[in-house]
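One structure is given below, encoded as C-alpha cells.
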Amino acid sequence: MASAYRSRFFLILIAVIVLPALSLLKAQSSRGAILGTVRDPAGALVPGAKVSVANQATNTSFEYETDTTGNYYVPSLIPGRYRIAVEKAGFKKFTANDVIVEVDQAARVDIRMKLGQVTEVVEVREAAPMVQTDTTTLGQVVRDRQVLELPLNGRDFQNLIKLNVGVSEMQGGIITGIRRHGLNDNFRSYSVNGSRPASLSYLIDGVTGN
C-alpha cells in the first residue's frame, strides 16, 4: 500500500513540474504580430474594413478584414518594419509606415479613419509605440548592435540574457545541488524574476532547448 501511494505521489509531482514547462514551450515564438481597432471620426467601430500589412523589406503583404467589433489581428509576422493600409468605402485610405514588429511581441496600432473618398490618403509616418497592452507576457529584445559590440566571454549568447530586467545568475546551494547530481549545465544557472533555473526554456534558431 505504501509503495502504491509513493508511485501515485511521484506521478502527481511529475505532472506539477512538467505541465508548466510545456505551457512555456507553447507560448514561445520567434515571430510577432500586429493588431488594433479601427474607428470612425466619432469613435464608432468600423467593421469590414480591409487591412493590408506589408513587410517593407520583402514587400510580402497580408490582407485581413476587421471583425464585427472593428478589431484586426495579423499573426506570425517575421520581425521587421511593416506598412499598414486600411480602406473602407466612405473613408479616406489610411496608411502607416515603419511599424516595428519584434520577436514574440504584439505591436498595437489603433486607427482613426477620416471621412472622404478612398482615393484620398491619410498617411502616418511616425512609428507606432511599442506598448504591450494585449498580453501579460513580458519580453525584451536584444538588438544586433549589442550582440556585435558587447565583449561577450567566448561569444556565449547566454551572457546576453543578463541584459534583461529581472534576470540574475544563480549562486550558492541550488547550483551546488545541480552539480552534485552531475548536471553541470549553464542553462540552469539563471533565474528570471525569482523563478527556479530548471523552469526556463530556450528558443535557439527556432528550436526549443529545455
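If you go through region 32-46 one residue at a time, how many are in contact with a Lys or Arg (Cβ under 9 Å, 6 or more places away or on another chain) and either surrounded by fewer than 15 Cβ atoms within 10 Å (Cβ to Cβ) or not aliphatic (A, V, I, L, M) (or both)?
Looking only at region 32-46, we keep the residues that are in contact with a Lys or Arg (Cβ under 9 Å, 6 or more places away or on another chain), and these are 34-41, 43, 45-46.
Subset that is either surrounded by fewer than 15 Cβ atoms within 10 Å (Cβ to Cβ) or not aliphatic (A, V, I, L, M) (or both): 36-37, 39-41, 43.
Looking only at that region, the number is 6.
Within region 24-46, no residue that is more than 22 Å from Ile84 (Cα to Cα) and among the aromatic types (Phe, Trp, Tyr) sits with its Cβ atom under 6 Å from a residue that is at pLDDT below 95 and in a helix (DSSP H, G or I) at 6+ positions apart or across chains. Every condition in (1) modelled with pLDDT under 80; (2) within 24 Å of Ala33 (Cα to Cα) is met by Arg155 except one, and the failing one is (2).
Residue count for region 66-76 satisfying the condition of being surrounded by fewer than 12 Cβ atoms within 10 Å (Cβ to Cβ) and either more than 20 Å from the chain's Cα centre (by Cα) or of a type in the set (Lys, Arg) (or both): 2.
Residues in region 84-107 that are open to solvent by 60 Å² or more (accessible area, probe 1.4 Å) and under 20 Å from Ser30 (Cβ atoms): Val103, Asp104. In region 67-81 there is at least one residue matching the filter, namely being modelled with pLDDT of 90 or more, closer than 15 Å to Asp104 by Cβ and of a type in the set (S, T, N, Q).
Do we find a residue being under 30 Å from Arg196 (Cβ atoms), of a type in the set (A, V, I, L, M) and modelled with pLDDT under 95 anywhere in region 90-109? Show your work before the answer.
Initially, region 90-109 is screened for residues under 30 Å from Arg196 (Cβ atoms), giving 102-106.
If we keep only those that are of a type in the set (A, V, I, L, M) too, we end up with 103, 106.
Keeping just the survivors that are modelled with pLDDT under 95 gives 103, 106.
Scanning region 90-109, I find at least one residue that is under 30 Å from Arg196 (Cβ atoms), of a type in the set (A, V, I, L, M) and modelled with pLDDT under 95, so the answer is yes.
Asn59 passes every criterion in (1) over 15 Å from the mean Cα position of the chain (by Cα); (2) in contact (Cβ under 8 Å) with a residue 12 or more places away in the chain apart from (2). In region 91-103, the residues that are at positive phi form Cβ pairs under 9 Å with partners that are among the acidic types (Asp, Glu), at six or more places apart or across chains, as follows: Asp98/Glu126.
The values are calculated or read from the model by the stated rules, or taken from the named source; none is laboratory data. In this text the structure is predicted, and so the values were computed from the model without any measurement. Heads up, the Cβs are rebuilt from the backbone with ideal geometry, glycines too, and the neighbour counts pull from every protein chain shown. We work out accessible area using only protein heavy atoms, side chains counted, and drop any ligands, DNA or RNA first. Shrake-Rupley method; radii C 1.70, N 1.55, O 1.52, S 1.80 Å.
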